[in-house]
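Student: I'd like to ask you about the structure that follows.
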Amino acid sequence: MIGRIVSDRYEVMKYLGGGMSSVYLARDIILDREVVVKLIKVDHHNREKSKARFQREVESTIHLAHPNIVSVLDVDESEEYHLLVTEVVHGPTLKEFIRDNHPVEIPEAIRISEMTLRGMRHAHNAGIIHRDIKPQNILLSDDGSVKVTDFGIARAMEASTMSRTGVMGTPFYMSPEQWAGGRVDGRADVYSLGILLYELLTGSVPFQGEGMGDVYRQHVEEAVPPFPQELDISQWLQTVVLRCLEKDREDRFQ
């Protein structure tokens, strides 16, 4: 893939990672700038539905313009891939930041969470739910800004890679209603933000388990583990996290 030009415009330069999609650093040969290209395999068994769903879900995110959301620059499709092009953010993911800076100082954890919430609120006001809020989807720019990436992608990918499971999201960060495959609204993102904030403050997610069945049971049935006393996390901040993580979405922040 390295050196290949996709969509007659983007020269692939470096592999950045993978998962549900393959992510590359590329150069826009028309505007002579660096971009990020995400390639998502087309579902050839249901190609037209897959294409329509992807375009409907992702193209709406192009219109999101907010300093705390990674900008979507282009959407295209080839015979093999759905293609999503975004701006480049130079800096680590929040997952990498937590790994290298644990325990994260409380003022910094709050700042990161506030910036994440501002991006979430902007998207929710536009009717777009993320469905996969997690540290890997939060980017920390070298200039100190915080940007949420992949808004709407979880739903857009449902027609291909996720359609066989009926579940959209990342298990350790998914709300109980996502686990159940039920209707999802912005309060699912609030739950995931609660998991993210818990991880920021403690260095680990609250529900881990030995397998996905165990993780599911903990999300649906078990109380949030106590915060370690040695971290000296204030009661009000613990209360914020616990309200985000209410099992019933009616009891969360609305």
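Student: Could you tell me which of the residues 227, 172 is open to solvent by less than 60 Å² (accessible area, probe 1.4 Å) and aromatic (Phe, Trp, Tyr)? Break it down into steps so the answer makes sense when it comes.
Tutor: Working: 172 fails: open to solvent by less than 60 Å² (accessible area, probe 1.4 Å).
After ruling out the rest, the residue left standing is 227.
Student: Oh, and also: Just one of 184, 205 is in a loop (DSSP other than H, G, I, E, B), more than 23 Å from residue 112 (Cβ to Cβ) and of a type outside the set (Phe, Trp, Tyr); which is it? So that I can check it myself, show each step before the final result.
Tutor: Numbers: 205 fails: more than 23 Å from residue 112 (Cβ to Cβ).
Answer to the check: 184.
Student: Scan the range 108-120 and give yes if some residue there is over 17 Å from the mean Cα position of the chain (by Cα), open to solvent by 30 Å² or more (accessible area, probe 1.4 Å) and at pLDDT below 95, otherwise no. So that I can check it myself, show each step before the final result.
Tutor: At the first step, the residues of the range 108-120 found to be over 17 Å from the mean Cα position of the chain (by Cα) are 108-111.
Narrowing the set further to residues that are open to solvent by 30 Å² or more (accessible area, probe 1.4 Å) leaves 108, 110-111.
If we keep only those that are at pLDDT below 95 as well, we get none.
Looking for residues that are over 17 Å from the mean Cα position of the chain (by Cα), open to solvent by 30 Å² or more (accessible area, probe 1.4 Å) and at pLDDT below 95, one finds none in the range 108-120, hence no.
Student: Residue 165 versus (1) within 24 Å of residue 240 (Cα to Cα); (2) modelled with pLDDT under 95; (3) of a type in the set (Ser, Thr, Tyr): which is the lone unmet condition?
Tutor: Residue 165 satisfies all of (1) within 24 Å of residue 240 (Cα to Cα); (2) modelled with pLDDT under 95; (3) of a type in the set (Ser, Thr, Tyr) except (1).
The values are calculated or read from the model by the stated rules, or taken from the named source; none is laboratory data. These figures come from a predicted structure and were not determined experimentally. Ideal geometry is used to build each Cβ from the backbone, glycine not excepted, and the neighbour counts take in all protein chains shown. Heads up: the accessible areas ignore ligands, DNA and RNA and are worked out on the full protein's heavy atoms, side chains in. Shrake-Rupley method; radii C 1.70, N 1.55, O 1.52, S 1.80 Å.
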